[in-house]
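Here is the structure we will look at, set down as structure tokens.
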Number of protein chains: 2
Amino acid sequence: MVEDSERLDTIFHALSDPTRRAMLNGLARGPCNVGDLAAPFDMSLAAASKHIKVLEKAGLVKRSVQGRTHVCSLDALPMHAGVEWMRHYEKFWNQQLDVLEALLVAEDRGEAKKQTETNTDAKKKGSKS
Amino acid sequence: MVEDSERLDTIFHALSDPTRRAMLNGLARGPCNVGDLAAPFDMSLAAASKHIKVLEKAGLVKRSVQGRTHVCSLDALPMHAGVEWMRHYEKFWNQQLDVLEALLVAEDRGEAKKQTETNTDAKKKGSKS
């Protein structure tokens, strides 16, 4: 249980930064070397490398050394544990989404009723004049 | 898009700590006051309050003041955005789960074949003796 909890810590921590999420997005298009992975970001290679290390620690990025090149690839499997943890709360947000939907439907009906009444009043006035 | 990104930062950051995840788990049973929410954790009330503030910032906890009591309640809806973000990667981890499943099936078949061969050998030896 402790092991799973630490795993969730590293996964959610890795995902809590926009640069790291953008790096995962880049790797979803295919593996690439560290330089290419860091290139789109306005930061030093050292700073980008730190982000990659956080992703590696979470198991979301695998690094293989091919000659002088470090090639990074996506490993999305650990995200599955994060989604599974959050799914325990699905019933709560579904209840909230249902309430929001009901409110919107009620609002739409109210608007429609108001519109019908306005149209009816306009017709009555039109027939009087 | 920036706003959504900041929202994801705060949600994933809030979920990256075992105390905060345990607090959400406690609130899933129903609203409670700050003292009761902090009680199960081996930390000061000030430290627990900091965790609650992180959860509030992420929108996962709502606080209402009833007289002198601060009552906290769960708001799971922001988690929906986190799950939706991760679902983009579902096809990748599904591919990996499929590969793992295929490996396990192949291993089971290999084991079953080995067992059948062992049994056949034993029978042959038995009929010879």
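The values are calculated or read from the model by the stated rules, or taken from the named source; none is laboratory data. What you see is a predicted model; the values in this text were computed from it and never measured. No Cβ is skipped: glycine too gets one built from the backbone with ideal geometry, and neighbour counts run over all protein chains shown. We work out accessible area using only protein heavy atoms, side chains counted, and drop any ligands, DNA or RNA first. Shrake-Rupley method; radii C 1.70, N 1.55, O 1.52, S 1.80 Å.
Some values worked out for this structure:
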quantity: Copy-to-copy label separations for B:THR116, where each label sits 7 Å from Cα toward Cβ, in nm and ascending; calculated: 7.1
quantity: Cross-link table A:LYS91/B:LYS62; A:LYS57/B:LYS62; A:LYS50/B:LYS50; A:LYS57/B:LYS57, entries beyond 29 Å C-alpha to C-alpha; calculated: A:LYS57/B:LYS62
quantity: Per-q log10 I(q)/I(0), the range A:90-129, q = 0.32 Å⁻¹ (Debye; single scatterer per alpha-carbon; no solvent); calculated: -0.92
quantity: For the range A:10-103, the spread of Cα positions along each principal axis, largest first, Å; calculated: 58, 25, 22
quantity: Span per principal axis, largest first, for the Cα atoms of the protein assembly as shown (Å); calculated: 112, 51, 45
quantity: Heavy-atom SASA rank of A:HIS88, A:HIS70 (probe 1.4 Å, accessible area, largest first); calculated: A:HIS88, A:HIS70
quantity: Chains A and B together, accessible area buried on both sides, 1.4 angstrom probe, square angstrom; calculated: 2900 Å²
quantity: Most mobile listed residue (B:ALA47, B:ALA106, B:ALA22) in chain B, GNM with C-alpha springs under 10 Å; calculated: B:ALA106
quantity: Cα-based reach from B:LYS114 at 19 Å (exclusive), listing lysines while leaving out same-chain residues under 8 positions away; calculated: B:LYS123, B:LYS124, B:LYS125
quantity: Within a Gaussian network of chain B (alpha carbon springs, distance under 10 Å), most fluctuating of B:GLU84, B:GLU117, B:GLU101; calculated: B:GLU117
quantity: Centre separation in Å (Cα based) which lies between the range A:36-68 and the range B:89-129; calculated: 38 Å
quantity: Rounded percent of accessible protein surface that carbon and sulfur make up, chain A, 1.4 Å probe; calculated: 53 percent
quantity: Residue among B:LYS62, B:LYS113, B:LYS91 with the largest mean-square fluctuation in a Gaussian network model of chain B, springs linking Cα atoms under 10 Å; calculated: B:LYS113
quantity: Residue-wise HN-Hα coupling along the range B:83-99, computed from phi with Karplus coefficients 6.51, -1.76, 1.60 (Hz; x: Gly, Pro); calculated: 5, 4, 4, 5, 4, 4, 9, 4, 4, 5, 6, 5, 4, 5, 5, 5, 4
quantity: Net charge of Cβ neighbours under 15 Å - reference B:ALA22; Lys, Arg +1; Asp, Glu -1; calculated: -2
quantity: Paramagnetic label zone (point 7 Å from Cα along Cα-to-C-beta, A:ALA39; backbone N under 17 Å) in the range A:51-70; calculated: A:69-70
quantity: Pseudo-label separations to other copies for B:LEU104 - Cα-to-Cβ vector, 7 Å, nm; calculated: 3.9
quantity: Ascending list, in nanometres, of distances separating the B:ASP36 label from those of the other copies (7 Å, Cα toward Cβ); calculated: 5.6
